[in-house]
Amino acid sequence: MLVTADERIARLARSLRNQGRAEMGSWLEHERLGYNYRMDELSAALGVSQMRRLASHLEKRARVARIYTERLSRFAWVRPPVCVRTSA
């Protein structure tokens, strides 16, 4: 998922997800190398249902990160990454 207020980035992302095609170009006109990132309906429905549980997923992920940080901090030669949580 990409969220942006920058129209230039939005146009580029739409082109890249559609095999690099131009916005108003013909079917075989490609401006750049792109990908086939168009999502099917089943994947979209699954994503919507998972978004409803986002807070729960983030809490579980943070708990696991704390456990890793705690256990890895016992080793002086390991520097665990810093976890910064933004509001979900």
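Quick notes
- Helical runs assigned H by DSSP (4 residues or longer) give the chain a calculated mean residue ellipticity at 222 nm of -15000 deg cm²/dmol, each run adding -39500 (n - 2.57) before division by the residue total.
- Computed lengthening from ASP6 to GLN19, 0.36 nm per intervening residue step minus Cα-Cα distance: 2.6 nm
- Two-decimal log10 I(q)/I(0) for the chain, as the Debye equation yields it once each C-alpha is a single scatterer, q = 0.23 Å⁻¹: -1.08
- To put it simply, the accessible area of the chain at a 1.4 Å probe is 58 percent carbon and sulfur.
- Contour minus Cα-Cα distance for THR69 and ARG53 (0.36 nm per residue): 3.3 nm
- Computed from point charges on the beta carbon alone (+1 for Lys and Arg, -1 for Asp and Glu), the dipole magnitude for the chain about its Cα centre is near 660 Debye.
The values are calculated or read from the model by the stated rules, or taken from the named source; none is laboratory data. This one's a predicted model, so the numbers in the text were calculated from it and none came from an experiment. Using ideal geometry, Cβ is built from the backbone for each residue, glycine included, and neighbour counts are taken over all protein chains shown. Just so you know, the surface numbers come from the protein's heavy atoms only, side chains and all, with ligands and any DNA or RNA stripped out. Shrake-Rupley method; radii C 1.70, N 1.55, O 1.52, S 1.80 Å.
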